[in-house]
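Values in this text are rule-based calculations from the coordinates and carry no lab data. A quick note: this is a predicted structure, and the numbers were derived from the prediction, not measured. Cβ: placed from backbone, ideal geometry, glycine included. Neighbour counts: every protein chain shown.
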Amino acid sequence: MATVWQLAKSIEVEGKKMYEELARDAPKREIAGVFSALAGEEQRHYELFDKLEKRKPIEAGDHGSVSVDIPKMVDAIRIVLLIDEPALTAMNDAETTYKKALVLENSSIILFNKIMKELTDEHQIRIVKVIIDEEKCHIEVIRRLIDFVHRPKEWLENAEVYHYDEY
């Protein structure tokens, strides 16, 4: 039977693989960069869970805030998509995969919360909380991408309504 750490690591492996595929298939380097960064975050989470499983010490630099400015990268994607119709079409085509990413990220948070309830070591609890917060950040990034991909559709469907929302 798999340990909780093995389950956590398997989710991170699945997430990394999915983000690497999205990066590989991305129509623009800016879009690929966001997914590559998310894949890197999943790898870092895997390594943290591996250290927790093996009871290895975790250095201060091993965890903390998200290591890249993903919101800034998402803003760069928005600019690219506003001027590049084929890239926007490709993003639309990948929407199903983005929704799968949301499901995976939400599932990981549910599992990690369950793991945290079983822990007694305060250091381990803190690390799992950090990972949960980072997974929530990943969800926000994916939601922003999905929302942005939908906005052009909304504008076309409601052409008589003036839209002033900022991206």
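Could you work out how much longer the chain between residue 93 and residue 151 gets when fully extended? Use 0.36 nm per residue separation minus the Cα distance between them, nm to one decimal. Walk me through the intermediate numbers first.
Details: separation 58, 0.36 × 58 = 20.88 nm, distance 1.47 nm.
That pair, residue 93 and residue 151, stretches by 19.4 nm at full extension.
So how much slack lies between residue 102 and residue 126, counting 0.36 nm per residue of separation and subtracting their Cα-Cα distance, in nm?
Here the segment from residue 102 to residue 126 would lengthen by 6.3 nm.
I need the calculated FRET efficiency for the pair residue 59 and residue 29, taking r as the beta carbon distance and R₀ as 35 Å, to the nearest 0.05. Display every interim value, and only then the final one.
Numbers: r = 32 Å, r/R0 = 0.91.
Between residue 59 and residue 29 the formula returns 0.65.
For region 2-55, take every pair of Cα atoms, bin their distances at 10 Å starting from 0, and report each bin as a whole percent.
Going from the shortest bin to the longest, the percentages are 29, 42, 21, 8, 0.
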